Amino acid sequence: MSTADNTPIWAHPEPGGRKPRFTREQIGAAALRIADTEGFEAVTMKRIAAELGAGTMTLYYYVRNKSDVVALMQDTILADQLVSDAELRTGWRAATAAIARRTRAVLMAHPWSPAALTAAAFGPNAMRHMEQNLAALAGTRLGKQEKFELIAAVDAYVLGASLHAIETLSRTELAESDPESVSAVVEFGMRLMRTGEFPNLNAMNDQLSEGDSAIVPNADALDGRFERGLEALLDGLAARMTID
């Protein structure tokens with residue numbers, strides 16, 4: 001495949017032969033393993049080839065460039081975001097919530113992915129994911145515009161909540177590995193609050209106790225926040241839209 005060809009990898013057939021040595025799924029999975037263990041920056045054609053036990057030039061028989069690899073990575077992640085058919089038959093609200101929970105769980109399992117895969121070309125599993133979102137709403141009275149607005153609102157909430165949770169857990173890990181730096185930041189923040197410029201923060205700080213999950217929420221606390229926020233969002237959407 002030519003490197004000057006800007007069409008998505010999905011527009012090209014997989015290499016011929018009765019039994020290609022590697023599939024796109026295998027390449028995407030190998031790239032994910034590298035990103036999960038070594039970071040997204042470590043995902044190179046040479047490193048993927050080594051992970052697969054192949055030569056770098058052999059890999060170019062299956063993908064044209066890094067953009068193709070990124071597309072395969074996103075498609076692999078989106079495959080994991082798909083829910084079962086049974087979950088789609090539980091009513092619009094339960095089905096939408098199931099998709100939201102599954103999507104967040106997968107993003108949390110690959111914390112580098114929300115920022116790294118923003119430019120990835122959509123593939124078959126992106127379409128399957130959207131198809132499931134629409135299937136969840138198929139039995140409602142919503143028009144096409146309302147369906148897209150509801151899906152977009154839930155997607156935005158899931159992405160934002162996932163990014164916040166990823167950042168929070170990352171800061172918690174930093175606090176454990178470098179407590180002196182964290183103490184310095186806290187001390188600076190307390191000095192600012194003593195200036196009287198932040199009365200609401202001061203009032204909140206007075207109500208908090210050491211170890212309070214509102215200060216540094218753990219994974220369980222973040223899960224609870226997500227569930228409460230999701231319920232509130234679905235309540236609001238149900239109240240604003242003629243769904244049932």
Can you tell me which of (1) in a helix (DSSP H, G or I); (2) surrounded by 12 or more Cβ atoms within 10 Å (Cβ to Cβ) is the one PRO217 doesn't meet? (1)
Of the criteria (1) in a helix (DSSP H, G or I); (2) at pLDDT below 90, which one ALA232 fails: (2)
Take the stretch 180-222 and flag every residue that is at pLDDT 90 or above and of a type in the set (S, T, N, Q). THR195, ASN200
Every pair of residues 6+ apart whose Cβ atoms lie under 8 Å, when the first sits in the stretch 53-67 and is over 14 Å from ILE9 (Cα atoms) while the second is modelled with pLDDT of 90 or more and surrounded by fewer than 13 Cβ atoms within 10 Å (Cβ to Cβ): THR56/LYS46
Can you name the number of the only condition in (1) under 21 Å from the mean Cα position of the chain (by Cα); (2) on the phi < 0 side of the Ramachandran plot that ASP85 fails? (1)
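Need a quick list: helices (runs of 4 or more DSSP H) entirely within the stretch 1-90 having at least 1 residues that are exposed (fewer than 12 other Cβ atoms within 10 Å of the Cβ).
Numbers: elements: 24-38, 45-52, 56-59, 66-81, 85-88.
The qualifying helices (runs of 4 or more DSSP H) are 24-38, 45-52, 56-59, 85-88.
The values are calculated or read from the model by the stated rules, or taken from the named source; none is laboratory data. Please read all numbers here as calculations on a predicted model, not as lab measurements. Here the Cβ is made from the backbone with ideal geometry for all residues, glycine too, and neighbour counts use every protein chain on show.
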